[in-house]
Structures are given as structure tokens and as C-alpha cells.
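Heads up: the structure comes next, in C-alpha cells.
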Amino acid sequence: MQLNEDRSIYLQIGQMIEDNILRDVFMEEERVPSTNELAHLYAINPATAAKGINLLVDEGILYKKRGIGMFVAKGAKKEIQSKRKNSFYEGFILKLVGEAENLGITHEELIEMIQKAENSADK
């Protein structure tokens, strides 16, 4: 993953770990990279890496085993999926439906457009 200037680095670190959990790179009860490992890998301040990890600890995605490191919590993948589905709904679906209404697109036309997009993505 490449870090960029679009969002805070600590948020990008948290998202990168979440993405890896969703893709089964990190499984439940598996150790994730330490703040020092992340800092070295991305050439960032360890405090910034810690902030990203602590964000996930606060959300119950990661937990600390004293003296060993940070680990993926049980149910973390489902929690991330749920959080992101809700965000997807609020950030995309509600806007999509609202814009469709503004344009006079019927429910059937909208479904047809989504199916067309799915077929294009499959190719």
C-alpha cells in the first residue's frame, strides 16, 4: 500500500490493516505488525502508526496481548464488513437513490443500470 496526502496517515494505516483483515491476510487471533514495524515499513513516526492501531483497538478490531503484540479480535472481519456496509449505504446508496429520483430514473431503470454495471465489471 502507498500512503498519500489525501487523508491522515494514521487513518490510512488503520484502513490498510482492516483491508488485510477483509482479504484474510490477517486472520482472527493472528498477530498484526507492530507500530515499529509499520513505522519502518512506511517511513513514518511510530506515534502515527500507534494512533492508527489504537483506533482499531478502540473499535474492538484489534486487542493487545501483553508483551507479545497486537492481534486481530474474534469477529473483527464481520465487524469491519458491517461498519463498511453501513458507510457504503450512507455514502453511496442514499446519494444514488436521491440523484436517481432527481433525474426521474425509475426503480426498474436503476436496477437495470446496476445489473449492466455488474456485467461490465465481470469482463
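Each value in this text was obtained by applying a stated rule to the coordinates, not by laboratory testing. All of these numbers come straight from a predicted model, not from anything done at the bench. Glycine gets a Cβ as well: all are built from the backbone with ideal geometry, and neighbour counts include every protein chain shown.
Worth a mention:
- Pairs of lysines in the chain (C-alpha under 26 Å apart; 8 or more residues apart or interchain): 24
- Taken over the Cα atoms of the chain, the convex hull encloses 141 Å³ per residue.
- Nearest-0.05 FRET efficiency for L41 and E5, computed from C-beta distance (R0 25 Å): 0.85
- Residues whose placed amide H lies under 5 Å from that of F26, excluding near-sequence neighbours: I21
- Backbone amide hydrogens, once placed in the peptide plane, bring L62 within less than 5 Å of V57, A73, excluding anything fewer than 5 places away on its chain.
- Candidates I111, I53, I17, ranked by Gaussian network fluctuation over the chain, Cα under 10 Å, top entry: I111
- Note on E101 and E28: their simple-model spin labels are 3.9 nm apart, each label 7 Å out from Cα toward Cβ.
- Relative to the longest principal axis of the Cα atoms of the chain, the long axis of helix 9-22 makes an angle of roughly 80 degrees.
- The alpha carbon centroids of segment 1-34 and segment 57-85 are separated by 11 Å.
- Degrees, to the nearest 10: 107-122 long Cα axis against longest axis of the chain: 50 degrees
- Lys, Arg +1 and Asp, Glu -1 on Cβ, resulting dipole of segment 15-123 about Cα centre, debye, nearest 20: 680 debye
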